[in-house]
Amino acid sequence: MKVIFYILIFCLFLISCNDDEEKIIPSLVGKWEVVDSYFYTNSNQGICFSIGDSLYMGLGIPFSSSYSSPNELRRYTKTSYGEAMKDFPGKPRIGAVAFTIKDKAYIGLGKSITDEKEYYKDFWVYDATSNSWDSLTFEFPGDAVVDAVAFSLNGMGYVGTGLKANGLYSGEFYQFDPQYGWGGKANMVLPKAGATTFQLNGTVYLCFGHSSYEDCRDVYRFDPKEFRFIPLNSLLPDKYPGITRSYASSFVLTVDGQEYAYIVGGDLGLSVAPPYWYCCRYNYLKDEWEETPSMPRSRSHVTAFVKDNAGYVCFDDIVYKFVP
């Protein structure tokens, strides 16, 4: 029988809270490593997706103008590390979204790298089989937004939330059918941008971000049959101090046969506070959040993915690996 020691950790980087507030449960399971990896995004605020056994990364702001293109797309496999694919044909952008259905990736939205007022609502389709791009013939029914979220579930794509060019936040979510196009619409309880999504045991969760009023601590479970987001009661505003963030990333790892979602990086979207290195994980069986080891360096808008049940976080030319 395992004996679990609960250690109360006081971290200076956590948001200050009252002594009577309930603290996040510390687990501190796992460790971070700085790795000399072949995973180099060479950009910030780009996109990442997987098709089959291949990982693709690209777009965003190149950290070195002499090293990569803002429309670059690279593929990583067990035998090919950073192979250049055909460049993204749309305008260079940051804050785009990506989702995959079968052997195709759908990339769109975002805003211009050079013009703060230029927002996009176009979508492009990448065919991994032929390494080719086509513009999506079905026009996105929502507004042009940046920092939205997207995910795939049961052969459908879902895109929603984000920040509009006029400074307003979107709470709209749309469903995409690769045969019939966009259809269906759901509305978030609170419009937001800079959220993150993850999938545990076949269920999609959406959490955090920021809105017109506050940095958001809310978490939702997506119900595809009802096409709605169900608020979870475990993350009330004052229950887990220090967890609030925007522009975080997430990955899912299996520990002792159970899936956990790990939240890494991010910042306070409505403040001038520095990015977070504080990390946590979600235990969906208990509907609880647990503290995990912090990243060696704080960052937001990072690229995160999983390889061989280890989480990787990339920004600029730095790669961190998390082993649970």
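The values are calculated or read from the model by the stated rules, or taken from the named source; none is laboratory data. These figures come from a predicted structure and were not determined experimentally. Cβ: placed from backbone, ideal geometry, glycine included. Neighbour counts: every protein chain shown.
Working only within the range 210-225, note down all residues that are in a strand (DSSP E or B) and in contact with a Leu (Cβ under 7 Å, 6 or more places away or on another chain).
Passing the criteria: 210, 215, 219, 220, 221, 222.
With the checklist (1) in contact with a strand residue (DSSP E or B) (Cβ under 6 Å, 6 or more places away or on another chain); (2) at pLDDT 95 or above in hand, flag the one item residue 180 doesn't pass.
Status for residue 180: all satisfied but (1).
Just checking, how many residues over the range 126-171 are touching a strand residue (DSSP E or B) at 6+ places or on another chain (Cβ under 9 Å), surrounded by fewer than 20 Cβ atoms within 10 Å (Cβ to Cβ), more than 16 Å from residue 95 (Cβ to Cβ) and modelled with pLDDT of 95 or more?
So the answer is 17.
What are the pairs, 6+ residues apart or on separate chains, where a residue within the range 176-192 that is under 16 Å from residue 149 (Cβ atoms) has its Cβ under 6 Å from a residue that is at pLDDT below 90 and not small (Gly, Ala, Ser)?
Sorted first by the residue in the range 176-192, then by its partner, the pairs are 192/216.
Keeping to the range 182-234, report how many residues are within 24 Å of residue 262 (Cβ to Cβ) and of a type in the set (Lys, Arg).
Here the count works out to 3.
When you check residue 241 against the structure, is it assigned to a loop (DSSP other than H, G, I, E, B), at pLDDT below 85 and more than 26 Å from residue 34 (Cβ to Cβ), yes or no?
So residue 241 fits the description; yes.
Among the residues of the range 209-218, is any in contact with a strand residue (DSSP E or B) (Cβ under 9 Å, 6 or more places away or on another chain), closer than 16 Å to residue 100 by Cα and charged (D, E, K, R)?
Taking every residue of the range 209-218 in turn, none turns out to be in contact with a strand residue (DSSP E or B) (Cβ under 9 Å, 6 or more places away or on another chain), closer than 16 Å to residue 100 by Cα and charged (D, E, K, R).
Report, by residue number, each residue of the range 185-213 that is loosely packed, with under 14 Cβ neighbours inside 10 Å and at pLDDT below 85.
Once the filter is applied, which keeps residues that are loosely packed, with under 14 Cβ neighbours inside 10 Å and at pLDDT below 85, the range 185-213 yields 189, 212, 213.
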